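The values are calculated or read from the model by the stated rules, or taken from the named source; none is laboratory data. On a predicted model such as this, the values are computed, not experimentally measured, just so you know. Cβ sites come from the backbone with ideal geometry, for glycine too, and all protein chains shown count toward neighbours.
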There are 2 protein chains.
Amino acid sequence: MNAEILAVGSELLTPARADTNSLWLTAQLNDLGVEVVTKIIAGDERVRLAALFSASLDRSDLILITGGLGPTEDDVTRDAVAEALGRSQTFRQELCDAIAERFARMGRHMAENNTRQAYLIDGAEALPNDRGTAPGQWISLHGSKAVALLPGPPHELKAMFTQHCLARLRSLIPPLAIATRHYRVAGMGESDLDQLIAPVYTPYANPVTTILSTPGDVSIHLRARGETSAEADSLAAELGAKIEALLGERIYSTDGADLEATVGRLLRQSGATVAVAESCTGGLLGARFTSVSGSSDYFLGGFLTYTNAIKASLLGVDPGLLADHTAVSEPVAIAMANGVRDRTGAVYALSVTGYAEGPNSGEVFLGLATPESTTARQLRFLGDRARVRQLAATTALNMLRLHLLR
Amino acid sequence: MNAEILAVGSELLTPARADTNSLWLTAQLNDLGVEVVTKIIAGDERVRLAALFSASLDRSDLILITGGLGPTEDDVTRDAVAEALGRSQTFRQELCDAIAERFARMGRHMAENNTRQAYLIDGAEALPNDRGTAPGQWISLHGSKAVALLPGPPHELKAMFTQHCLARLRSLIPPLAIATRHYRVAGMGESDLDQLIAPVYTPYANPVTTILSTPGDVSIHLRARGETSAEADSLAAELGAKIEALLGERIYSTDGADLEATVGRLLRQSGATVAVAESCTGGLLGARFTSVSGSSDYFLGGFLTYTNAIKASLLGVDPGLLADHTAVSEPVAIAMANGVRDRTGAVYALSVTGYAEGPNSGEVFLGLATPESTTARQLRFLGDRARVRQLAATTALNMLRLHLLR
C-alpha cells in the first residue's frame, strides 16, 4: 500500500518551520508495511489544497492530511477535501457538544467559530480528539483507499493516530513483516561505493536499498518485506551477505552505530586509551570522540595546537622540524602524535595537521602513534573549511579503527 | 511570483530525514519577494516525479528541484524533468571534462557512471558546481516561468543557488526593494525573548518578523518590503531600533554573523589571544573558535582534559582540589583556566568542566581567566548530552564576548 502525507499550514511554508509530523507518521506507516511515496506541504489556500489532494488521491491509496482543522477562516482542510470529493458537510450536534464540553472542563466558554469544527464530511467517521478541540475524520473510499484528516499539533496528532487510525489501517493492509540492515561505510565516496555494490543490489526489488551519504561517511539501508519475519529476515540477510562480502572492513557498522561509537567500542574491547593532538581540526576530533556516552572509559584528552609556537611548547615538536618541513608535513604529524602519546600516557594517539583554507586547502597529514610505531598519512580533501575539517576528523577515526581491527 | 520547491530523494521519505534545503531556499526566495506556495518531497521514482513536476509547473511560475542529480541509477531528476517537458538530453563533453578534472584534482579516477551527470536537457543552461560533481540546470520557459535543477547536498546547493540562480531570478522578477535585519541573541530562551519583544513587532505587518532558535542561540529576522530601498530600509530601521533598545547587549550580531565569528572579531580588534581547557565539551569549544576563517590570528590552542589525571598532569590542577571539590566545581574551573593561560601565554583563557550525562547532567562550571582576574560561573542546562555540550560551549563564548565588550 502506498501513502501520501499532506501537511497543511502556511507557517510550514516559511523559512522558520519544517514539517516534522510526517517523520513520525512515516515511521508508523513503515512499520505497517505502508510506503510513503510523496509528501506535500501546502498553505492555507482552499482551491490549491483541493487540487493537491485530488492529485494525491489519484496516485495513492492512503492520504493522511495533517493540520488545517482549527476553528478559523484560515483552516480550510475540511472544505478542501469535501470539495475535492464532491461531498457536502453536515453539522453534527454531538461533535459540537463534545467541543463545548471540553471548553467547559477548562472553565472557558466555547467561541462561536469553534462550531465550524463540528461539521463532518458526508460518509466520514469522526475521530475523537482527547487532546484538543478539532475532531479528526476518517473516510473510507472504494477498494482499500482511505483518507484521514488529522490535527496539526503533534501531541494531538500522535494520540489520535495511535488510538483511532492504527486499527483501521491494519484492517486494510495485508499483514507484513519488515527486516532492516543499516550498514555504514567510511573511507569511500558514494559513487565509488555505488559502482561497486549496484550490480549486487539492483536485481533486488525486495529488499529496497537506499544509499545516503555525508562527507566521508556512507549509509546503506536495506528494508526487506515478507509475510513472516523469518522470510523478511532471510531476504535482508541474503542481500546483506553479498554487500558485506564486497565491502569487507570498509563497513564499520552493521546496525547504524556511528564511527565514533564504533571506534569507542573497539577501544573499550581492547582496554586501550586514546589521546589527540589537533591543529586544523581545532578540537573537532576530540569533540567527536567525546560525543559518545561513556567515552571517558577510553578518551583521555589531548592538545589543541593551533600555532607553531604552541606545537613546540606544549607538544615538544622540534622548532627545527617546523622550520624545515612546515607545520603541515609528515614529520610534524609524527612528532605531534608522539608528543601527545608521551604526555598523556595513552595507548594510542592521533594527530591532525593541515590546511583548511588557502592555496593548499585540503592538504592534511594524519599521524597515528601506537605502542609499536608511529606513522603518518598524507591526504587531500576537496571542499570548504567545514568539509575539510570534518573529513580530516572522520579519516583519523577510521585510521584508528582499521588499526584496532588488526 | 509563486514558487514550488520539489525535494527529490527516497531518503527524504524515511522517518530519519527531513528536507531542510527548502527552508534555506525559502528564505532566499522570500528575500526576492517570491512566495513559496507548495513544497513537495518525492522519491527516486521517475514516472511519479515527472507527474509531480508537471503538476507543479501547471500551478506555479518557478520550480526549484533539489537532489537526484547524482551519478547512480537512483538519480532520476534529469530524466523525469526531460520527460515531463518532452525534451531530449544531450551528452556534453565539456561537462564530462569538468567532472573528470574534479576527480583528477582529488587524485581519483572518474567512475564510468559519473558520465550520466554530463547530460543536459535540451534548451537548458548548465549551472557549474564548484563543490561537487553534479552540474545544475536552468531552464527558461514561456513568460517568466523557469525551472532550476539543483544538487541535494546543502553546501553544493547553496553555492550554486547564490552564484548562478540569484541573478537569473532577479532578471525575472519585478524589482522590489527588500531590507533585512538579522539579529542574533545569546543567553536568552526563545519564549522569554518572544514575550519581551512581541508587543513591539506584532503591530507591524511589514517588516515581517521571524524568530528561530537553536540551543542557546536565537535569531530574529526582519524583512521589510518597499518600492524603494530607502523605504524598505527605513521600515526595517524603525522596528530594528525598538528591538535593539529592548535587548541591548544580549544582541551579539546585527548581520547574522555567528557567535564564534563575533567573538573572533572582538579578539582581533583588541589584539588579544585566547586558549581553552575543555573537559565535558571535549574539543567542541576549540572546534567552534576554529570554525572561523582566520581564527589563527587569535586562537592559540588548548587542552582537552577529560580525566582527572590529565587535568592534574597537563594543566597542573592540584589533585587535592580535585579530591576535595570534584572535577565539576568552581575551584577546578578556575584552576583549569589559569593552567591553560599560564601554559599557552594567551591573554584570555576559557575553561569548561561539567556533567553531560548522569544524575547531575547539565551542571557545568565555566572559567574565564583574564590579565586581571579569574572567575567561574556555575550553570545548569536542561537536555541531552549533545544539547548540554552545545549550550556549555555557546555560553563560554558569550561569557568572553561580554567581557570583551567592557
So A:Ile243 fits all but one of (1) away from every other protein chain (no Cβ under 14 Å); (2) closer than 30 Å to A:Ser296 by Cα; (3) surrounded by 19 or more Cβ atoms within 10 Å (Cβ to Cβ); what number is the exception? (2)
State the number of residues belonging to the stretch B:334-373 that are within 16 Å of B:Leu285 (Cα to Cα) and touching a His at 6+ places or on another chain (Cβ under 7 Å). 1
Given the options B:Gly67, B:Gly123, B:Gly86, name the one that is closer than 30 Å to A:Ile220 by Cα, more than 9 Å from every other protein chain (Cβ to nearest Cβ) and at pLDDT 95 or above. B:Gly67
Looking at the structure I just gave you, is A:Arg78 assigned to a helix (DSSP H, G or I) and surrounded by 21 or more Cβ atoms within 10 Å (Cβ to Cβ)? yes
Could you run through the stretch A:162-203 and say how many residues are more than 30 Å from A:Phe381 (Cα to Cα), more than 13 Å from every other protein chain (Cβ to nearest Cβ) and not β-branched (Val, Ile, Thr)? 15
Scan the stretch A:383-394 and tell me whether some residue there is part of a loop (DSSP other than H, G, I, E, B) and assigned by TED's automatic domain parsing to the domain that holds A:Gly271. yes
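On the given criteria, is A:Gly283 under 26 Å from the mean Cα position of the chain (by Cα), crowded, with 18+ Cβ neighbours inside 10 Å and not assigned by TED's automatic domain parsing to the domain that holds A:Ile197? Walk me through how you get there before you give the answer.
Numbers: under 26 Å from the mean Cα position of the chain (by Cα): yes; crowded, with 18+ Cβ neighbours inside 10 Å: yes; not assigned by TED's automatic domain parsing to the domain that holds A:Ile197: yes.
Against the criterion (under 26 Å from the mean Cα position of the chain (by Cα), crowded, with 18+ Cβ neighbours inside 10 Å and not assigned by TED's automatic domain parsing to the domain that holds A:Ile197), A:Gly283 qualifies.
Table: residues versus (1) surrounded by 22 or more Cβ atoms within 10 Å (Cβ to Cβ); (2) closer than 25 Å to B:Tyr298 by Cα.
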position: B:Asp324; (1), (2): no, no
position: B:Ala335; (1), (2): yes, yes
position: B:Val340; (1), (2): yes, yes
position: B:Gly345; (1), (2): no, yes
position: B:Ala349; (1), (2): yes, yes
position: B:Glu357; (1), (2): no, no
position: B:Ser361; (1), (2): no, no
Could you please find all residues in the stretch A:251-301 being in a loop (DSSP other than H, G, I, E, B), of a type in the set (S, T, N, Q) and within 12 Å of chain B (Cβ to nearest Cβ)? A:Thr273, A:Ser279, A:Thr281, A:Thr290, A:Ser291, A:Ser293
How many residues of the stretch B:212-238 are in a strand (DSSP E or B) and either hydrophobic (A, V, I, L, M, F, W, C) or more than 25 Å from the chain's Cα centre (by Cα) (or both)? The answer is 6
Of the conditions (1) in contact (Cβ under 8 Å) with a residue 40 or more places away in the chain; (2) in contact with a Pro (Cβ under 8 Å, 6 or more places away or on another chain), the single one that A:Gln137 does not satisfy is (2)
Failed item, numbered, when B:Gln269 is tested on (1) more than 24 Å from the chain's Cα centre (by Cα); (2) crowded, with 24+ Cβ neighbours inside 10 Å: (2)
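Yes/no per residue for (1) surrounded by fewer than 20 Cβ atoms within 10 Å (Cβ to Cβ); (2) free of Cβ contacts under 8 Å to residues at least 12 places away in the same chain; (3) outside any helix (DSSP H, G or I); (4) of a type outside the set (Val, Ile, Thr):
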site: A:Ser144; (1), (2), (3), (4): yes, no, yes, yes
site: A:Val147; (1), (2), (3), (4): no, no, yes, no
site: A:Gly152; (1), (2), (3), (4): no, no, yes, yes
site: A:Glu156; (1), (2), (3), (4): no, no, no, yes
site: A:Arg168; (1), (2), (3), (4): yes, no, no, yes
site: A:Ala179; (1), (2), (3), (4): no, no, yes, yes
site: A:Ser191; (1), (2), (3), (4): no, yes, no, yes
Which listed residue is farther than 22 Å from A:Thr290 by Cα and either in contact (Cβ under 8 Å) with a residue 40 or more places away in the chain or among the small types (Gly, Ala, Ser) (or both), from B:Ser296, B:Ser291, B:Ser329: B:Ser296
Residue that is surrounded by the most Cβ atoms within 10 Å (Cβ to Cβ) [pool: residues in the stretch A:1-22 that are more than 9 Å from chain B (Cβ to nearest Cβ) and among the acidic types (Asp, Glu)]: A:Glu4
Residue identified as surrounded by fewer than 18 Cβ atoms within 10 Å (Cβ to Cβ) and in contact with a strand residue (DSSP E or B) (Cβ under 9 Å, 6 or more places away or on another chain) among A:Asp233, A:Asp255: A:Asp255
Selection within the stretch B:89-120 - exposed (fewer than 14 other Cβ atoms within 10 Å of the Cβ), away from chain A (no Cβ under 13 Å) and not in a helix (DSSP H, G or I): B:Thr90, B:Phe91
Looking at B:Val36, is it more than 22 Å from A:Glu35 (Cβ to Cβ) and touching a residue at least 12 places away in the same chain (Cβ under 8 Å)? yes
If B:Leu25 satisfies all but one of (1) part of a helix (DSSP H, G or I); (2) touching a Phe, Trp or Tyr at 6+ places or on another chain (Cβ under 9 Å); (3) at the interface with chain A (Cβ under 8 Å from one of its Cβ atoms), what's the number of the condition it fails? (3)
Whichever residue in the stretch B:309-333 is of a type outside the set (Val, Ile, Thr) and facing chain A (nearest Cβ under 10 Å) and, among such residues, is nearest to B:Thr370 (Cα to Cα): B:Leu315
Filter the stretch B:70-81 for residues that are more than 14 Å from chain A (Cβ to nearest Cβ) and either touching a Ser or Thr at 6+ places or on another chain (Cβ under 7 Å) or among the acidic types (Asp, Glu) (or both) and give the result. B:Asp79
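Which residues, counting only those in the stretch B:61-75, are β-branched (Val, Ile, Thr) and either part of a loop (DSSP other than H, G, I, E, B) or over 29 Å from the mean Cα position of the chain (by Cα) (or both)?
B:Thr72 - this is the single residue of the stretch B:61-75 that is β-branched (Val, Ile, Thr) and either part of a loop (DSSP other than H, G, I, E, B) or over 29 Å from the mean Cα position of the chain (by Cα) (or both).
Taking the options A:Gly152, A:Gly143, name whichever one is modelled with pLDDT under 95, closer than 20 Å to A:Asp58 by Cβ and of a type outside the set (Phe, Trp, Tyr).
Only one candidate qualifies: A:Gly143.
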Considering only residues of the stretch A:39-60 that are surrounded by fewer than 24 Cβ atoms within 10 Å (Cβ to Cβ) and not in a helix (DSSP H, G or I), which is farthest from the other protein chains (Cβ to nearest Cβ)? A:Asp44
Pairing a residue in the stretch B:202-230 that is more than 14 Å from B:Val185 (Cβ to Cβ) with any residue that is among the acidic types (Asp, Glu) and crowded, with 18+ Cβ neighbours inside 10 Å, where Cβ atoms lie under 8 Å and the two sit 6 or more apart in sequence or on different chains, gives B:Ala224/B:Asp233; B:Gly226/B:Asp233
Checked the stretch A:270-288 for anything more than 19 Å from A:Phe365 (Cβ to Cβ) and touching a residue at least 12 places away in the same chain (Cβ under 8 Å); matches are A:Ser270, A:Ala272, A:Thr273
